1. Just checking, how many residues over region 375-393 are surrounded by fewer than 21 Cβ atoms within 10 Å (Cβ to Cβ), in contact with a Ser or Thr (Cβ under 9 Å, 6 or more places away or on another chain) and assigned to a helix (DSSP H, G or I)?
2. What are the residues in region 317-359 that are within 28 Å of the chain's Cα centre (by Cα), open to solvent by less than 30 Å² (accessible area, probe 1.4 Å) and modelled with pLDDT under 80, if any?
3. Need at least 3 residues that are closer than 16 Å to Leu442 by Cβ, open to solvent by less than 50 Å² (accessible area, probe 1.4 Å) and modelled with pLDDT of 85 or more per element, so show me which helices (runs of 4 or more DSSP H) inside region 723-815 make the cut, counting only ones lying wholly within it.
4. Which numbered condition in (1) in contact (Cβ under 8 Å) with a residue 40 or more places away in the chain; (2) open to solvent by less than 60 Å² (accessible area, probe 1.4 Å) is the only one that Met534 fails?
5. Here is a check on your reading of the model: is Val552 in a loop (DSSP other than H, G, I, E, B), at pLDDT 90 or above, touching a strand residue (DSSP E or B) at 6+ places or on another chain (Cβ under 7 Å) and more than 28 Å from Met683 (Cβ to Cβ)?
6. Applying the selection to region 108-138, what residues are among the small types (Gly, Ala, Ser) and open to solvent by 50 Å² or more (accessible area, probe 1.4 Å)?
7. Inside region 96-134, can you point out the residues that are in a strand (DSSP E or B) and either on the phi > 0 side of the Ramachandran plot or more than 29 Å from the chain's Cα centre (by Cα) (or both)?
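The values are calculated or read from the model by the stated rules, or taken from the named source; none is laboratory data. Here the structure is a predicted model, which means the values were calculated and not measured. For neighbour counting, all protein chains shown are included, and Cβ atoms are generated from backbone atoms with ideal geometry for every residue, glycine included. In case anyone asks, the SASA skips ligands and DNA or RNA and just uses the protein heavy atoms, side chains included. Shrake-Rupley method; radii C 1.70, N 1.55, O 1.52, S 1.80 Å.
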Amino acid sequence: MDELRLAFRRLTHHRGTTIASILTLACSIGAAAATWSLFSAVLLHPLPIRDPARVFVVGQSRDMRGMPAVSEAHVYSAVQLVRETGAFAHVAAGGIGAGSLLVETSGRRVPTNVYFCTFDWFDLLGVPMALGRPFREVEDRRGAPPVAIISDGYWRAAFHADPQILGRALNVAGTDVAIVGVAPAKFRGLSLAYAPDIYLPFHVVADATKSPMNFFAEANRSYSPTAWITIVGRLPSDSNADRALQQLRVLDDEGGRAPRHHVLVPVNTAALPSSARFNVAQFTQLLATTVGLLFAIGCTTVGMLLLVRTEARREEFAMCLALGASRARLARGVVLEGGLISVAAAILALPVALWLFSLVRAFQLPGSVSIDRLALSIDWSVVLAAAASAVFATLLIATVAGVFGFSANVADALRTRAGATPRLTRRRTRTLLATAEIAVALLLLSGAGLFLRSVSAALGLNAALDADRIVTGSVGLQPYGYTSITAERFGAELAARLRGNPAIRSFALNEFQAGMGAAGQLIIDGQPRQFPTMVSFVSVDEHYFATMRLPVTSGRGFTSTDTASAPPVVIVSESFGRMIANGGNPLGRRIRDASYRPPAQPLMREIVGVVPDVVANVAIEEPLVLYFPMAQTNRSTFVQWSARAEGTAASAIREILSAIKQIDSQVTPSQMLTLRDQLGRQMSAQRFGGIVLTALGVIAILLTALGTYVLSETMSAMRLREMGIRAAIGASGPQLAGIVLLETLRLVGIGLLVGLFLAWLGGGTIRAFLFKVQPLDALTLSSVAALILVLALAVSLKPALRAARVDLASVLRET
């Protein structure tokens with residue numbers, strides 16, 4: 001206890017250094033704790049269900065043109081087939097159905113996320129209700145009285161957490177349903193990219209959505225069966241995944257162009273969209289590595305501060321040894337100081353972690369995984385992570401600084417009193433720590449620069465279009481009772497209202513018709529062709545190309561003569577034209593979809609024009625687009641538009657919303673974005689990484705400046721007598737200052753070389769998240785290196801100037 005009290009007294013005696021050490025370590029531990037919470041919520045424990053290791057999602061693997069693809073969507077008949085294999089003790093199913101449905105709240109119908117699941121869905125997952133009960137089997141039948149379970153978030157947002165919610169009616173898609181339960185707060189469905197607000201029984205999907213889709217694979221329907229169902233199974237206690245997979249093999253389809261094999265995906269893995277799992281894992285690994293580096297630099301900085309203070313006490317240590325104190329006791333005192341700093345930092349790290357949660361809440365991870373939807377918060381896992389970080393920091397600091405408690409001896413005191421310069425080996429540890437700080441600072445700041453340059457490059461796409469003034473939006477009118485005919489009238493009236501609006505320079509209607517993947521084919525001049533990326537089919541009106549500022553670079557644009565009775569025509573993007581013409585002229589070529597089969601008549605279209613590319617997906621820099629005249633395509637109940645703002649995009653959005661409300665006050669469109677914002681959202685992970693790395697990099701470079709200053713200051717102080725002797729024998733002030741600055745330059749140079757080597761090693765990890773920028777980008781690395789060098793030399797000026805003004809007589813008097 002006495003040693004603890006003495007350690008506390010020594011820390012309070014040097015308040016400035018102690019506060020700086022605690023704040024430095026708190027930021028490092030807080031970042032580590034927040035990162036651990038994010039890592040756990042995304043990869044380790046994304047779903048709060050019972051015994052998740054025994055729960056699997058059934059998928060189907062197909063080999064598409066040599067590329068394996070896994071689908072987790074099934075048709076209705078697959079549910080019973082999976083049950084009959086006996087692979088699982090319990091099988092349940094669910095699906096989104098037709099997407100969002102209109103739910104009436106406060107007198108307005110609002111699109112709301114609705115999920116359909118079998119009555120035993122919550123039982124299989126082991127998710128108890130926070131209020132009420134799960135579905136009953138009699139409720140999961142077509143024509144049964146409709147009931148609903150709502151999520152905790154929807155309960156709080158729409159009903160203000162009313163404890164009397166059970167039994168209340170909720171109007172979903174025009175039908176009143178009774179609320180029978182509220183899901184627990186931490187359960188947000190089985191996907192991190194989609195959070196249901198309302199759960200409805202599985203078999204009411206057709207009645208609730210009023211959709212023509214063939215949800216239940218009925219033979220008497222004109223539509224093909226819809227693959228919309230996720231099948232989840234829980235293994236029996238005496239089975240394992242390999243045995244269950246063998247039992248599912250009876251359902252495999254070895255024939256056809258794309259053989260199908262069943263696979264089992266762990267439910268925690270399936271929580272991430274299949275297309276984004278690898279990128280999310282890489283991104284979280286990159287983030288964890290980054291924070292780990294910051295944690296290391298924080299610990300080394302605190303260790304260096306303790307080291308300097310310990311070395312300043314070497315005469316005290318030597319005297320204590322001479323008086324009989326043990327080396328272990330000296331080292332224990334240093335360890336206690338480090339322990340007190342670590343405990344204080346761990347306590348302060350919790351609000352730091354909470355602040356970081358609020359800072360990153362607006363960002364998304366790859367795969368449209370919203371960080372806000374993860375509901376990160378301070379919990380016991382974060383507390384334990386902070387405590388573990390504090391313990392690790394204590395051990396690291398004790399290793400760095402406590403060793404001097406064992407190495408002190410009486411000769412140190414005698415040598416100091418004699419005026420000798422301490423041996424150079426005393427500075428090796430501090431030099432190593434400062435070099436590590438510089439290397440880490442280079443990594444963090446260059447990583448931030450690479451991310452931000454990637455975002456800038458993505459936002460710079462479509463620069464000729466003035467993309468921050470192009471506003472795009474859409475609304476599905478079928479849930480509001482519109483038909484394709486009335487939806488067409490809605491779009492025409494919306495266009496008529498807005499084309500005379502002073503906030504709108506130009507307004508166009510367009511509609512995404514379909515997209516053909518890499519497995520599809522187009523027949524071009526009688527020859528089948530496949531394409532490396534998706535081919536988009538878009539219908540547009542006569543104002544579209546002018547609104548988008550897409551000049552027809554070859555051929556002609558659409559005219560009023562391109563009616564439904566006129567010969568079918570198409571305008572293509574430049575990338576599509578180059579690909580099919582092999583650099584020649586695509587005009588006059590004739591295209592049809594290869595999916596047409598007799599007796600259906602193929603629709604042959606002639607290419608009459610070529611327009612520049614519009615990049616709407618940063619992953620496809622050469623978009624393959626076919627534009628059709630809107631009069632020559634079938635219209636749906638989906639209305640889409642593109643508008644060019646006269647002033648700001650925000651004012652144009654307000655006018656579009658106002659016009660929609662004037663036409664139909666019940667209609668609520670999806671969020672409208674500028675073309676630039678669409679690209680920015682696709683770079684959300686890079687923006688998130690750039691902001692995080694910038695914040696951590698700023699901390700790192702400040703710590704590096706502090707470490708470099710401490711090293712230069714102590715080196716200058718330790719060599720003060722040497723500098724005095726050099727001055728006495730004729731060395732000039734600039735020569736003495738140059739010794740200090742040259743030492744700093746050597747130290748920074750070594751650190752930068754180490755940092756460049758580490759950047760080379762980590763280039764493969766960060767490469768997947770960069771856009772038009774290479775991991776070893778010379779401009780970024782040289783700029784960051786120059787910044788670190790200039791800052792290090794700047795903080796070394798004061799010790800250098802003190803060395804330049806040294807006077808031997810004054811030094812000897814102070815000895």
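1. Counting residues in region 375-393 that are surrounded by fewer than 21 Cβ atoms within 10 Å (Cβ to Cβ), in contact with a Ser or Thr (Cβ under 9 Å, 6 or more places away or on another chain) and assigned to a helix (DSSP H, G or I) gives 3.
2. none
3. 733-761, 778-795
4. Exception for Met534: condition (2).
5. On the way: in a loop (DSSP other than H, G, I, E, B): yes; at pLDDT 90 or above: yes; touching a strand residue (DSSP E or B) at 6+ places or on another chain (Cβ under 7 Å): yes; more than 28 Å from Met683 (Cβ to Cβ): yes.
Yes, satisfied.
6. Result: Ala130, single match.
7. Of everything in region 96-134, those that are in a strand (DSSP E or B) and either on the phi > 0 side of the Ramachandran plot or more than 29 Å from the chain's Cα centre (by Cα) (or both) turn out to be Leu102, Val103, Glu104, Thr105, Arg108, Arg109, Leu131, Gly132.
Conditions tested, residue by residue: (1) at positive phi; (2) open to solvent by 70 Å² or more (accessible area, probe 1.4 Å).
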| position | (1), (2) |
| --- | --- |
| Gln478 | no, yes |
| Gly481 | yes, no |
| Phe490 | no, no |
| Arg499 | no, yes |
| Gly517 | no, no |
